[in-house]
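Q: Starting off with a structure, shown below.
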Amino acid sequence: MSGRTPEEVLAVFGRDLRRYRPPRRRRWRRVFALVALVLAAGGATAAATGSIWAPSPRVSARAFPAGAPVPDAASRPVYVASGPGWRLSASTCRFGRRATAAVFLAVAHGGAGWRCNALSRAVASGVVPPPTLFAPPRSPGRFLLFGAAPGATTRIQALLRDARTGNTRLRGFPVRPAGDAAFTVYVARLAGDAELLTVIGLDARGRPTMRCDQETCR
């Protein structure tokens, strides 16, 4: 341990994040810019203490969606999954009788995802926000695909296209439990210059639970 206070750790991580400028990507890769965030230090502090509670991601004024609806209720973010170099948190957002899930993936030098009060009207009206294809800082050529799905979902199928060859391939992976039984979450590592075309959720009988395009999941 360095002996630095949490405030000093936050200041160092905040400075590093302000210096970082992600490369321009196609639309799927820029989804995380809608909720551009600075929370690496908070995530690192929570991880060090072993807390299940995740810090609420902050959204810059430039990235905040115009006319974002105010949720009637939003649960406190909870860590629901983790892997080498990343932690995924989730919270439930309620708009009237409807509910959706907001997920955020934190890495050592940044993060990406969604926040309940920073969803566009189109996203808030979907079953869950669209998946995010995120290129972690300092990990060239590697991506993390993550998102939420309705609770009945047992596996995810993602249609990907190689940006260099134009070839498409179907990638399948399982889901993980979330803090709310109404939702599940998923995280997959991708290598190469991949573009995300479509994501479909399937239940145990192979029936679709959601279909996601670049704007919403229905």
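Q: Filter the stretch 189-210 for residues that are at pLDDT below 95 and crowded, with 17+ Cβ neighbours inside 10 Å; which is farthest from Pro140 (Cα to Cα)?
A: Top of the filtered list is Leu196.
Q: So, in the stretch 103-126, exactly how many residues are surrounded by 24 or more Cβ atoms within 10 Å (Cβ to Cβ), assigned to a strand (DSSP E or B) and touching a Ser or Thr at 6+ places or on another chain (Cβ under 9 Å)?
A: Number satisfying all stated conditions: 6.
Q: Sticking with this one: In the set Thr100, Thr92, which member is in a strand (DSSP E or B), open to solvent by less than 60 Å² (accessible area, probe 1.4 Å), among the β-branched types (Val, Ile, Thr) and in contact with a helix residue (DSSP H, G or I) (Cβ under 7 Å, 6 or more places away or on another chain)?
A: Within the list Thr100, Thr92, the selection yields Thr100.
Q: Now a separate question. When you go through Thr209, Thr154, Thr198 one by one, which is the residue that is free of Cβ contacts under 8 Å to residues at least 60 places away in the same chain, over 23 Å from Pro77 (Cα atoms) and β-branched (Val, Ile, Thr)?
A: Every option except Thr198 fails the conditions.
Q: From the residues in the stretch 127-157 that are in contact with a Cys (Cβ under 9 Å, 6 or more places away or on another chain) and either modelled with pLDDT under 95 or aliphatic (A, V, I, L, M) (or both), which one is surrounded by the most Cβ atoms within 10 Å (Cβ to Cβ)?
A: Only one residue tops the list, namely Ala148.
The values are calculated or read from the model by the stated rules, or taken from the named source; none is laboratory data. Computed from a prediction, not measured in an experiment: that's the story for all the values here. As a convention, Cβ positions derive from the backbone with ideal geometry for all residues, glycine included, and neighbour counts pool all protein chains shown. The accessibility values were calculated without ligands, DNA or RNA, using every heavy atom of the protein model including side chains. Shrake-Rupley method; radii C 1.70, N 1.55, O 1.52, S 1.80 Å.
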